[in-house]
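Notes follow once the structure below has been shown.
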Amino acid sequence: MPDFPENVPREAFVTALTKHQSALRGYCQAALGHGEAAKEALQRTNIVLWKKCSNWDPDTPFLPWATAVARFEVKGVFRDRKRERRRLLFDSDVAEQMMDNAVEAVLPMPERLEALEVCLEKVSPKNRNVLAAFYSEGKTIPEISDEEGRGQSAIKVMLMRVRRSLGQCIELHLAKGGAK
Amino acid sequence: MNRTRLEELFLASYADELNELERTELNKLLRDDPEARIFAARFLATDALLADELETSSNERSFATQNNRFIRIAWFAAAAAILMLTTITVSLLMPPGEAVAILAGEELQAGRVLTIADQEAKIKFGSGALVAVEAPASLEILGNNAAYLHYGVATVRVPGPIKGFELVTPANKLVDLGTSFGVTVEQSGKTAVTVFEGEVTVGDRIGAEHIFAGHAIRVNRELGKPSEAISYDTTPFLDTWKSSFGIEILQGNVRFAQPEERVSPGEVIDRNSLLLIPEREGVNLPAQMPLNIIEPGTFTVRFYREGSYVPPGESTAKEIALSKAMLVDSFLLQYNPGLPSPTSKDKPFVSEVRFDREVIGIIAQKDLLAEYDSLLAFPEADFSGQIHRGTAQNDEIILSPDRHTIRVAFDIEDGVDQIRVLVESHLIAL
């Protein structure tokens, strides 16, 4: 871990980096899609942010600076994987376009996270377990199907519906300015 | 933008099941379509948030099971249900004489028992299930997706994605597999179930009976004994059926469509009454979608499409676009006499409808109605037999200042008078 320059309070940088991890992960994923490429981009971004922490003025917003760094790293991952002929979700031209849209998607991230927390509370425990198994534990649909004792099609349909409803709930919550 | 297809492809991508053809299709959908890319970016960013949030909650649960002092399950901290009342007084099951009124919007925890002494109550569960109960009745909240009807008449509707709402009765347990049924429980405990839409199971897994739409049974309390089929009759449930859609007041020459009329609104004929028909629920109305009315006021113009010919002497109103996307439930208000009748001509039909949610907008122009049938009409609805949909020159539509009430005066001529009313969806709960 690098030494901190005197002009950057350590606590402020660490707090900001921790607070915006979800947004940075969201940016990398919005630009590169799901999968290992986005994880690699996030890891590279975090390393560069640490190295360049002296470039950040604590009196300015952290996220615009961090996403500018992330964009550079996302491009790097894209370039390296393409050279290695590894599978990427987006074609070059689409990826470039998605990088522009990714910034817009993550800038209201704190509000989006708050909306997600409110909306997730309304998901039944049973469906929440399936969501957790899929999205955070990384289980496959056949694995979830076996555990739940339900058909794979039923699991897919359920995931789609709940995910769609969550998205709608979040957008509505954001549109209402966060009112419950 | 094909939102559904994008969601399917991203789900397959998350599950690592996207083949090359689908990957190419995904890129084609996103290429040069800014709206699709904005949606995709938000969707993917939200997936990242979702993964983090679920992981955080899982870590909290792991900690809780290791340390009994902190047994806390985050998602049960939310209220199990929210009570929506119209103008009734609800008594809790407390010592005699200690009745307590509950206010509309109050959040109810599991274990709460409601005694409905007058009129009706509508309860929205955390799962999205809706239960409308008619007095006299007693309903106990069991959880986010379950209740016990001790006695009374109730309609249960499960319009959202979360199925499996359980309604326990003295006779047995009913599970809604989607989407609506009526149940009567007498003080003696005798229970009858009428399934309007979808499927209901009666009893536990082993030996459970499946009851399908259009059928009704009297539930047998004895284990292992089959239920008795009875005649299908929705009449006892018409009030709770109507309440379950959030209709607080229905006055004038208007009635609410029965369950069996909902599926084929284009074919329902009633010379004596306007008909209010529930259509789709939880529809994502895109921003910039043109509507005819979006603000309170009185409207007596005939609506024409932008750029179309307006006969001399007639006035018209411009189409107005919503400024942002909204989640709505859709209702049709129509007069359809079938063949022209001398008694229906020039007879004004006046009606008033009050919703428990705000009216977002109204569509009253025939081409606009038809254009959005695929988005807003009940699946399989067929309006091909209807001519002259929309309103005519002497019709009047009023949207109240609080946006909850519409009043219409249709000056009936030949053909169908019809408007589509879009209200704020109750499907925020998941």
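The values are calculated or read from the model by the stated rules, or taken from the named source; none is laboratory data. Keep in mind it's a predicted model, so treat the numbers as computed, not measured. For neighbour counting, all protein chains shown are included, and Cβ atoms are generated from backbone atoms with ideal geometry for every residue, glycine included. Side chains included, ligands, DNA and RNA excluded: accessible areas come from the protein's heavy atoms. Shrake-Rupley method; radii C 1.70, N 1.55, O 1.52, S 1.80 Å.
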| task | Keeping all protein chains in position, work out how much accessible area A:THR15 exposes to a 1.4 Å probe, and write it in Å² to the nearest 10. | result | 80 Å²
| message | Let me confirm the definition first: pairs of Lys residues in the stretch A:74-180, 8 or more apart or on different chains, C-alpha distance under 27 Å. How many are there? | response | 8
| task | Using a 1.4 angstrom probe, figure out how much accessible area chain A has per residue, in square angstrom, rounded to the nearest whole. | result | 48 Å²
| Per-residue [θ]222 nm for chain A (sum of -39500 (n - 2.57) over DSSP H runs n ≥ 4, rounded to 500) | -22500 deg cm²/dmol
| task | Could you tell me how many degrees, from 0 to 90 and to the nearest 10, lie between the Cα long axis of helix A:92-106 and the main elongation axis, the longest principal axis, of the Cα atoms of chain A? | result | 90 degrees
| remark: Ranking A:MET99, B:MET1 from most to least accessible area with a 1.4 Å probe gives B:MET1, A:MET99
| field | Buried on assembly, the stretch A:22-63 (at least 40 Å² less accessible surface than by itself, 1.4 Å probe) | value | A:SER22, A:ARG25, A:GLN29, A:HIS34
| task | Round to the nearest 10 and report in Å² the accessible area of B:LYS124, as given by a 1.4 Å probe over the protein chains' heavy atoms. | result | 30 Å²
| request: Using a 10 Å cut-off on Cβ to Cβ distances, tally the other chain neighbours for every residue of B:418-427 and report the average as a whole number. | output: 1
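Ratio of alpha-carbon Rg to the 2.2 N^0.38 Å globular estimate for the stretch A:1-121, to two decimals, please.
Details: Rg = 15.1 Å, N = 121, 2.2 N^0.38 = 13.6 Å.
Dividing the Cα Rg of the stretch A:1-121 by 2.2 N^0.38 Å gives 1.11.
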| Counting pairs of alpha carbon atoms under 8 Å apart in space and at least six apart in sequence, what relative contact order in percent does the stretch A:44-180 give? | 21 percent
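Explain nothing, just the number: dipole magnitude of chain A about its Cα centre with +1 on each Lys and Arg Cβ and -1 on each Asp and Glu Cβ, in debye rounded to the nearest 20.
Values: 28 positive and 25 negative charges, 118 e Å.
Approximately 560 debye in magnitude.
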| Tell me, what is the per residue accessible area of the stretch B:193-298 in Å², probe radius 1.4 Å? | 47 Å²
| request: Can you tell me how much longer the chain between B:LEU177 and B:ASP411 gets when fully stretched, taken as 0.36 nm per residue apart minus their C-alpha distance, in nm with one decimal? | output: 80.0 nm
| remark: Quick shape check on the stretch A:53-180: root eigenvalues a ≥ b ≥ c of the Cα gyration tensor, a/c under 1.5 is rounded, otherwise prolate if a/b tops b/c, else oblate, and it reads oblate
| message | Could you compute how much accessible area chains A and B hide from each other, both sides summed, with a 1.4 Å probe? Nearest 100 Å² is fine. | response | 5600 Å²
| request: Compare the peptides B:231-243, B:135-147 by average per-residue count of other Cβ atoms within 10 angstrom and give them in order, highest first. | output: B:135-147, B:231-243
| request: Round to the nearest 10 and report in Å² the accessible area of B:GLU306, as given by a 1.4 Å probe over the protein chains' heavy atoms. | output: 100 Å²
| task | Specify the angular offset, from 0 to 90 degrees and rounded to the nearest 10, of the alpha carbon long axis of helix A:10-19 from the longest principal axis of the alpha carbons in chain A. | result | 30 degrees
| said: Please check: in the Gaussian network model of chain A (C-alpha springs, under 10 Å), which one of A:ALA105, A:ALA31, A:ALA23 has the largest mean-square fluctuation. | reply: A:ALA105
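Shielding of A:91-103 by partners, i.e. mean partner chain Cβ atoms within 10 Å per residue?
Numbers: counts 7, 1, 4, 9, 2, 0, 8, 6, 1, 4, 11, 6, 1.
For this peptide, the per-residue mean of nearby foreign Cβ atoms is 5.
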| request: Pull up the cross-link candidates among the aspartates and glutamates for B:LYS324, meaning alpha carbon to alpha carbon under 19 Å and not fewer than 8 places away within one chain. | output: A:GLU104, A:GLU111, A:GLU171, B:ASP33, B:GLU35, B:GLU281, B:GLU295, B:GLU358, B:GLU424
